[in-house]
Every structure is written in C-alpha cells, then in structure tokens.
Amino acid sequence: MEIMLCGAHDAEAIEPMFKSVVASFGATPWFYRDGTIMHINSATSSWAENSRATVAMADVCVFVILENYGSITWNEELDEALALGKPFVVLALEKTWVRYNTLLDAISDSELIKDKNDQLMIDVLRKMSINEFTVVTFGYDTFADKLRGNLSHIFGFGIKVLTLRNQRATMLASLSKSGKLTERQIEQLISLATDELEENKLSRKTAIKRLALENLRDEDFLLDICRSDEQGVQRLGFSILPSLVPLPMKDDLLRELAQIANNNDDVGTQRRFVNSVTELCPENLDIVLESVEALEVGIRRRAYEGVEQNWSKVMAIWGNDRMKRFLDVCHGKSAVGASWQERLRKKIDSLNVIPPMD
C-alpha cells in the first residue's frame, strides 16, 4: 500500500513524522522531495503530469497546509484525487489555518490581498469550502497523532466496505430459488439492489430478480430501481415491472414511471416500459403515450400492438372516442391538434394563395 504526501516545499518539515506514521501502518510513503514519485525524465518531462500519475498509483493521499502555497498540489494533485475518487485527508497547521480563515472572512475578493502567497491560499480555502471538505488542524507536536487517527478512520471505513461485500457474497451464494427468504435476507437484497455505488452490477441484478421471485411489490423500491443511474439495472426494472409493481397499479404511479422512462435517452427503456404495461394493464397504454413526450415510432407501434392484442377487452373499457384518440396518437397525430406535418402543409398552402385584387 502506498500513501502520498501532497504539499508545498515547506512540507519537508513534517516529512520525517509522515514517514514514521506511514511505516507503522506497513505502508510505503511517497513524497516528491526524496524522489518517491512516478517520473520519466525526457525532453517532454512534466512535474504536473508526474504528480498526477503518482496520485493515480497511490492508495491514499495526505494533503498538508503549512505556510506556503503549492501550485501542483492544489491544481493538479487535488483535482486528480477528486476525479479518481481517491481517499484523502487534509491536514492544516492550526495557526496558519486560523490566519487564512480570518482573511477569508474579512475579504471577499482575494485580489485585494497584496501578498500573492496569501491570495492563492485564500483561493484554496474557498475551493475547500465550496466542496465542503473537512480540514483537520494540527500543531507540530500533534501532527503524527492526527495523521495516524485520520488514516485509521479511512482504513476502518475500508474494512466496513469489505465486510459488507463479504456479507453480500455469502448471502447471494446461500440463496435458494425455492426457499422462502428471511426478513434479514430481504433487507440485504434491497440494500444491494439499490446501492448505486456497488460495482458488481450482476449482483444488483441478481438481487432484483430474486426479490421479484419473492413477490416484493414495494413502490419505493420499484422507483429506486427504475431511477437507477446504471442503465442495465434501470432496464431490468422496466422489463420485470409486472413482477415488481404494487397491484392494482395506480394511475399516479404509472405516470411517474412514464416520466422516468421519458427522461431517459435510452429508447430501449421506454420500449420495455410499454411492453410491461401491455402485460399488466393494456387499458392504460393511452396514459403511457400521454405521459411520454418523445413518441418514437417504435414506442407507438408497441403501444398499438399491445391494444390490438387485447382489442375486445380494451374496446369494452374505452369506447369509440377514447380508442380514436389513442389511435390518432399511435398514427403520429397530436392528441391536442394537428401533427406538425399537417401544420407545415397549411403554411405552404397559405403561401400559394394569390391575394384578391383591390
């Protein structure tokens, strides 16, 4: 495991303590001052690129504020750590932190500060405030303890994540398709299925399918799945909607699901939604088309075929007027007026009309 110290030139003052604490964790300390940084010397060498590459390789980054501003630290290393999702801590010398926060509170425009170093550090504080970072202050006599405590916190969190992963793996391995799930297993499966940070997408899908077999029909769970940022999870939710939706299906829920599908650029999700509604309640397909703005031809075709397959049932519920409105929408006509092609033709015809002579 590698832990990287990120700071300006004056960070060498706490380098020995940093190395001692990191070594006590059985990790390797990295700091640019002693050459422990990823680097390739060539005609195109770049300290900034070397620093970003080191952040990418490191397991944890420790950002330290003493007195001076470090351009690479705050413009390259911090941005790279954020972009890659690297765990990091920010430690600041207490007297320096108090001084800069006093300046930050007193002066809204950093350009009014004459000292360039102070000006740049105020910009760093402002950036941290916007991102709501937690900054831990220290004295030279407490740096080692503060660093050790914060690294322990990160490792403890990592152990909890590993424990959760092991619990989920054990739970999935022990599931029986025929056996009844316990309340604890259901809770674990819901947690797994709705965890947007879970990297194993197959495990999430397995959990959703098993809950569907368990006949879990919970509105909040269904909406969480269908709103998922993971396209495969969202598609699955709309595909097995008939096994997840609370019955009887409420019109308000149907419209909310239609809006979720409508806000998705994936046409496949919208088509799956129409197929599921056809299976569940084809008499509500007109509500789906009313709620979905982008009526792509494939969606309209599926909606029509869904009604066509259930014509007698739907016709008995809708009657002629409602059926005609639905068929007009399927045909590409607006439910509230002429299609854009018809309006276009009228404009063309109006230009061809010769005005009467006075």
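For the reader, a short list of remarks on this structure follows.
- Residues of region 187-215 classified as under 21 Å from residue 275 (Cβ atoms) and open to solvent by 30 Å² or more (accessible area, probe 1.4 Å), total: 4
- Where a residue in region 182-206 is farther than 15 Å from residue 167 by Cβ and its partner, wherever it lies, is at pLDDT 95 or above and open to solvent by 60 Å² or more (accessible area, probe 1.4 Å), with Cβ under 7 Å and at least six apart: 194/224
- Qualifying residue in region 138-150 (condition: free of Cβ contacts under 8 Å to residues at least 12 places away in the same chain, closer than 23 Å to residue 66 by Cα, loosely packed, with under 11 Cβ neighbours inside 10 Å and not small (Gly, Ala, Ser)): yes
- For region 46-102, the set of residues classified as of a type in the set (Val, Ile, Thr), in contact with a Phe, Trp or Tyr (Cβ under 7 Å, 6 or more places away or on another chain) and assigned to a helix (DSSP H, G or I) consists of 54, 72, 73, listed by residue number.
- Filtered residues of region 17-47 (kept if more than 25 Å from residue 158 (Cβ to Cβ) and at pLDDT 85 or above): none
- Residue 285 vs. criteria in contact with a Gly (Cβ under 9 Å, 6 or more places away or on another chain) and either surrounded by 15 or more Cβ atoms within 10 Å (Cβ to Cβ) or free of Cβ contacts under 8 Å to residues at least 12 places away in the same chain (or both): yes
- Complete set of residues in region 171-223 that are within 13 Å of residue 243 (Cβ to Cβ) and either part of a loop (DSSP other than H, G, I, E, B) or in contact with a strand residue (DSSP E or B) (Cβ under 6 Å, 6 or more places away or on another chain) (or both): 214, 215, 216, 217, 218
- Residue that is assigned to a helix (DSSP H, G or I) and over 17 Å from residue 235 (Cβ atoms), where the choices are 271, 301: 301
The values are calculated or read from the model by the stated rules, or taken from the named source; none is laboratory data. Quick caveat: nothing in here was measured; it's all calculated off a predicted structure. When we count neighbours, we look across all protein chains shown, and the Cβ atoms used for this are built from the backbone with ideal geometry, even at glycine. Surface accessibility is based on the protein's heavy atoms, side chains included, excluding ligands, DNA and RNA. Shrake-Rupley method; radii C 1.70, N 1.55, O 1.52, S 1.80 Å.
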